[in-house]
Every structure is written in C-alpha cells, then in structure tokens.
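Novice: Sending over a structure as structure tokens; questions will come in a sec.
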There are 2 protein chains.
Amino acid sequence: MGRHREFDVDKALDAALCVFWRKGYEGASYADLTEAAGVERPALYSAFGNKEALFRLALARYYERYLDYIPVALELPTSREVAAHILYNAIDLNTRYADHTGCLGINGVLAGSDEAEPVRQALIEARAEGELQLRERFERAKAEGDLPETAKPDALAAFLLAVLHGIAVQAKAGFSRETLRAVADQALSTWPR
Amino acid sequence: MGRHREFDVDKALDAALCVFWRKGYEGASYADLTEAAGVERPALYSAFGNKEALFRLALARYYERYLDYIPVALELPTSREVAAHILYNAIDLNTRYADHTGCLGINGVLAGSDEAEPVRQALIEARAEGELQLRERFERAKAEGDLPETAKPDALAAFLLAVLHGIAVQAKAGFSRETLRAVADQALSTWPR
DNA sequence: GTGGTTTAATAACACTCGTTATGAAAACAT
DNA sequence: ATGTTTTCATAACGAGTGTTATTAAACCAC
C-alpha cells in the first residue's frame with residue numbers, strides 16, 4: 001500500500017481532452033498538457049501512458065461524454081428529425097466553449113506526420129463508425145417508408161457527415177452559430193421526403 | 001557574378017506544396033521537404049525563406065494553379081451551375097493524386113500549436129476570401145432572378161463551403177469519388193430555383 | 001519505528017525541430 | 001591566373017520534443 005495519487009485523474013483527462021480539442025494531437029505538447037492538467041509529465045505518463053495512449057483515452061471520453069446526442073437522435077421517428085437533431089446539437093457542441101471550438105474528431109489529425117498516422121487512422125475509423133450507424137438508421141427509414149424508394153441511405157449518411165465536418169471546420173474558424181444554423185437549415189432543405 | 005542556382009526553384013516549390021498538402025504545415029518537417037525537393041536545407045532557406053514563408057508561397061501557388069476552376073465557375077450563367085462546377089471540380093482535385101488527397105486549405109492547419117497560429121489565420125482568411133466571392137456571385141444571381149427572392153446568398157455560400165470542406169475531409173480519409181459525387185448530388189438536389 | 005509499495009518532482013536523456021555559420025565549389029570579369 | 005560574388009554541403013546551434021531514471025515523499029501493515 002503506497003502513496004495515494006495526488007491529482008484527480010478524471011479532471012486531468014478532461015484537461016488533456018480540451019488541449020487536444022484546441023490544438024490537435026500534434027499541435028499539443030507536453031508543456032501544454034502538463035500546464036492544463038496541473039500535473040508533471042511523469043505523473044501523466046504514470047496515469048495515462050504515452051501521448052498516443054492519452055489521446056485515445058481523450059477521444060473515447062469525447063465520444064462517450066460529448067456525443068451522447070447521437071444515440072438519442074438515432075431513435076427519433078423520422079430521418080429528417082435524426083439529421084436535424086444531430087446537426088443542431090453538433091453546432092451547439094462545436095461552439096459551446098470559446099477556447100476549444102470545432103470537433104475533436106476533425107481537429108485531432110487531418111493531415112499529419114508519419115508518426116501521427118496511427119492516430120489519424122483511429123479518427124477515420126471513429127468517424128466511419130458513426131457514418132455506419134447513420135446509414136443503418138436511414139436504411140431502416142427507407143424500409144419503413146419514411147424515406148422514398150429512390151433515397152440512398154449511404155449517400156445521405158455521407159452527405160450528413162460531410163456537412164457536419166464542414167460545420168466543424170467553420171466553427172473552428174470562428175463562424176457564428178447563426179451562420180452555422182443557416183448551413184444546417186440549407187442542408188435539411190435538401191432532405192428527401 | 002557568382003554560382004548559378006543548381007536546382008529548379010519552380011519544381012522545388014511544387015515538391016514542397018505536395019508535402020504540405022499531404023502532411024499539413026506542422027506535420028511536414030524539413031527532412032520531408034528536403035527529401036521531396038531534392039535540395040539541402042540551406043538551399044531551401046536561401047530560395048524561399050523560413051518554413052512559414054515557404055508554406056505561404058506554396059499556398060499561393062495552390063490557389064493560382066489548382067483552384068483555377070473557381071473563377072471559371074463564377075462566370076457560369078446560373079448559381080446552380082456555379083455550385084455544381086465547383087463541387088465536381090473540387091472532388092476531382094481532392095482525389096486526383098493518390099499521395100496527397102483532400103485540400104491544402106483544410107490540410108494546412110485546422111488545429112495547431114501556438115506557433116502555427118499565423119498560418120492557421122492565413123488559411124482562414126484565404127477560405128473567407130473564396131466565400132466572399134461566392135456570396136457576391138449569389139447576390140448577383142438573386143438580383144438577376146436566377147435565385148428566388150427568399151434565397152439567402154450568405155447562407156448558400158456558407159453551405160456550399162461547408163460541403164466543400166466536408167468533402168475535403170472525406171477525400172483525405174480515403175472516400176471514393178463515387179461517394180463524394182453522391183454527396184455533391186445531394187447538396188445540389190434542391191438548390192433553390 | 002521499520003519495511004515495502006506507490007506516487008511525485010527533478011533532472012536528464014536521446015532525438016528532432018527549424019535555423020544558421022562556415023568553408024568549398026562554381027560561376028564570371030578582369 | 002586571380003579576385004569577387006553567389007550558391008551548396010556539412011555541421012552545428014539553440015530550443016523543444018516525448019520519454020524515463022533517480023531520489024524523495026506519502027501511504028499502510030506490522
């Protein structure tokens with residue numbers, strides 16, 4: 001039985017999540033991470049492992065704690081409500097915190113060094129997972145007559161994800177909620193009935 | 001009268017552009033840049049200045065040489081043709097080269113370190129410039145009756161840019177041209193008339 | 001009070017980063 | 001053949017990167 005851990009692991013992970021959300025995986029240094037977490041480097045290593053492991057934990061937390069509106073959306077009665085719920089909640093999340101806007105799934109790594117490739121692939125897979133869920137939901141909508149026979153669930157899912165990604169980029173660039181909502185409105189106006 | 005420069009400055013800049021396109025500003029190291037350009041570091045410095053200056057030159061070249069379909073699009077007769085031309089050409093460009101997909105305007109810096117902030121702002125401004133051009137074009141379309149009175153040129157421009165950014169993210173993630181075209185088709189499906 | 005275990009802080013490691021100093025090579029004028 | 005200028009390659013600089021070794025501190029069982 002040894003020394004108790006002196007810092008709140010949960011809060012430290014939250015702090016690291018915010019740094020990665022703001023600066024991306026490669027843009028975030030241990031100087032940033034330790035300052036935000038209020039913990040020295042060896043302590044971060046002891047609690048979370050290396051930088052990549054820390055990022056993966058932060059990403060998992062991001063999906064669990066911040067994207068909880070997605071399973072809710074998938075249970076809504078119509079495909080248009082699903083899309084609307086996701087779009088407007090994403091806009092809210094992407095603009096909620098002044099010091100880290102956008103989406104971790106996009107900010108993490110878009111283009112990076114060779115060393116960042118495993119993390120970039122992890123992000124691609126996480127986004128693909130979400131897209132699969134959407135596609136399946138839209139297939140169900142089609143089967144139920146909520147979407148017309150001519151509708152293409154895969155294209156709709158890809159379209160919705162594209163708009164979400166674009167909104168994340170724009171939020172990170174400082175676009176207003178009003179503008180982002182107008183983008184979402186326009187996207188929904190194309191929704192098949 | 002001294003020694004002649006031994007490398008092709010034009011080709012070296014192209015090579016650097018490709019590295020930045022693939023790895024982003026921070027993900028690209030001088031090891032990458034010198035290997036791709038076939039030139040030693042002091043020679044790159046001599047010809048282009050520091051890393052940030054090199055990136056800015058690469059970005060200017062990207063806009064001049066690769067985005068030349070945009071002024072063409074802006075002269076098309078209808079707003080829908082403008083949007084379609086840009087979307088399909090962007091998809092072509094974002095998927096043309098197997099070893100650097102996506103768009104430099106997005107891959108450059110989305111989220112980065114404090115040191116990358118000037119570059120990130122330059123990219124935001126470049127994208128904003130393009131959005132302004134679109135907005136003005138759509139305002140003209142509205143004045144000419146090509147877009148209905150209820151249409152909002154600013155929202156349409158922001159929407160089009162969002163889809164373009166989303167497509168760039170998806171192209172960089174390895175999505176097929178077919179999928180990306182379906183996204184564009186969906187975006188255009190109810191373009192206001 | 002001692003021993004064993006776990007954690008924390010300091011410092012350093014090995015390496016890479018972007019940048020530059022220095023000497024040599026290649027050019028041209030004389 | 002020499003002098004001047006420009007460019008190139010090598011090497012190193014100063015700083016920062018992610019990671020870890022070492023010692024001390026804090027805990028608990030006995």
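The values are calculated or read from the model by the stated rules, or taken from the named source; none is laboratory data. Bear in mind that the values here come from a model prediction, so they are computed numbers and not experimental data. Methodologically, a virtual Cβ is constructed for each residue, glycine included, from the backbone with ideal geometry; neighbour enumeration extends over all protein chains shown. With ligands, DNA and RNA removed, areas are computed over all heavy atoms of the protein, side chains included. Shrake-Rupley method; radii C 1.70, N 1.55, O 1.52, S 1.80 Å.
Novice: Test each condition in (1) of a type in the set (A, V, I, L, M); (2) under 18 Å from the mean Cα position of the chain (by Cα); (3) open to solvent by 30 Å² or more (accessible area, probe 1.4 Å) for A:Ala143 and report the one that comes out false.
Specialist: All conditions pass for A:Ala143, except number (2).
Novice: On to the next question. Can you say whether B:Cys103 is within 14 Å of chain A (Cβ to nearest Cβ), in contact with an Asp or Glu (Cβ under 9 Å, 6 or more places away or on another chain) and away from DNA strand D (no atom under 13 Å from the Cβ), as far as the supplied structure shows?
Specialist: Spelling it out, it is not the case that B:Cys103 is within 14 Å of chain A (Cβ to nearest Cβ), in contact with an Asp or Glu (Cβ under 9 Å, 6 or more places away or on another chain) and away from DNA strand D (no atom under 13 Å from the Cβ).
Novice: Could you tell me whether A:Pro42 is more than 23 Å from A:Glu129 (Cβ to Cβ) and either of a type in the set (Lys, Arg) or touching a residue at least 60 places away in the same chain (Cβ under 8 Å) (or both)?
Specialist: No; evaluated as a whole, the condition is false for this residue.
Novice: Within the set of pairs 6 or more residues apart or between chains, which connect a residue that is within 15 Å of A:Tyr63 (Cα to Cα) inside the range A:74-103 to a residue that is crowded, with 16+ Cβ neighbours inside 10 Å and hydrophobic (A, V, I, L, M, F, W, C) with Cβ atoms less than 6 Å apart?
Specialist: Matching pairs, first to second residue: A:Ile86/A:Ala73; A:Ala90/A:Leu164; A:Asn94/A:Cys103; A:Asn94/A:Ala168; A:Asn94/A:Ala171; A:Gly102/A:Ala168; A:Gly102/A:Ala171; A:Cys103/A:Ala168.
Novice: Right, another one. Would you check if B:Pro118 is in contact with an Asp or Glu (Cβ under 9 Å, 6 or more places away or on another chain), open to solvent by 20 Å² or more (accessible area, probe 1.4 Å) and more than 10 Å from chain A (Cβ to nearest Cβ)? Even if it seems obvious, please write down each step before you answer.
Specialist: Details: in contact with an Asp or Glu (Cβ under 9 Å, 6 or more places away or on another chain): yes; open to solvent by 20 Å² or more (accessible area, probe 1.4 Å): yes; more than 10 Å from chain A (Cβ to nearest Cβ): yes.
Spelling it out, B:Pro118 is indeed in contact with an Asp or Glu (Cβ under 9 Å, 6 or more places away or on another chain), open to solvent by 20 Å² or more (accessible area, probe 1.4 Å) and more than 10 Å from chain A (Cβ to nearest Cβ).
Novice: So, in the range A:157-184, of the ones that are under 25 Å from A:Phe20 (Cβ atoms) and surrounded by fewer than 18 Cβ atoms within 10 Å (Cβ to Cβ), which residue ends up nearest to the other protein chains (Cβ to nearest Cβ)?
Specialist: It comes out as A:Gly174.
Novice: Would you tally the residues in the range B:1-52 being open to solvent by 40 Å² or more (accessible area, probe 1.4 Å), more than 9 Å from DNA strand C (Cβ to nearest atom) and over 18 Å from B:Cys103 (Cβ atoms)?
Specialist: Looking only at that region, the number is 9.
Novice: Out of A:Ile106, A:Ile91, report the one residue that is more than 16 Å from DNA strand C (Cβ to nearest atom), on the phi < 0 side of the Ramachandran plot, touching a His at 6+ places or on another chain (Cβ under 7 Å) and open to solvent by less than 10 Å² (accessible area, probe 1.4 Å).
Specialist: Within the list A:Ile106, A:Ile91, the selection yields A:Ile106.
Matching residues to (1) within 16 Å of A:Phe55 (Cα to Cα); (2) part of a helix (DSSP H, G or I); (3) among the polar types (S, T, N, Q):
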| residue | (1), (2), (3) |
| --- | --- |
| A:Leu110 | yes, no, no |
| A:Glu117 | yes, yes, no |
| A:Ala128 | no, yes, no |
| A:Ala141 | no, yes, no |
| A:Pro148 | no, no, no |
| A:His165 | no, yes, no |
| A:Ala171 | no, yes, no |
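Novice: State which residue pairs qualify: first residue under 14 Å from B:Ser46 (Cα atoms) and inside the range B:1-15, second residue in a loop (DSSP other than H, G, I, E, B) and near DNA strand D (Cβ under 9 Å from one of its atoms) in any location, beta carbons under 6 Å apart, and separation of 6 or more residues or different chains.
Specialist: Pairs that qualify, where the first residue is under 14 Å from B:Ser46 (Cα atoms) and the partner is in a loop (DSSP other than H, G, I, E, B) and near DNA strand D (Cβ under 9 Å from one of its atoms), are B:Phe7/B:Val39; B:Ala12/B:Val39.
Novice: Return yes or no: is A:Asp154 open to solvent by 30 Å² or more (accessible area, probe 1.4 Å), acidic (Asp, Glu), within 9 Å of another protein chain (Cβ to nearest Cβ) and in contact (Cβ under 8 Å) with a residue 12 or more places away in the chain?
Specialist: So A:Asp154 fits the description; yes.
Novice: Could you look through the range A:1-59, keep only residues that are outside any helix (DSSP H, G or I) and among the polar types (S, T, N, Q), and pick out the one that is nearest to the other protein chains (Cβ to nearest Cβ)? Give the derivation first.
Specialist: From the range A:1-59, those outside any helix (DSSP H, G or I) are A:1-8, A:28-29, A:38-40, A:49-50; that's our starting set.
Subsequent filtering for residues that are among the polar types (S, T, N, Q) retains A:29, A:50.
Working: A:Ser29: 7, A:Asn50: 18 Å.
Residue satisfying both the conditions and the ranking: A:Ser29.
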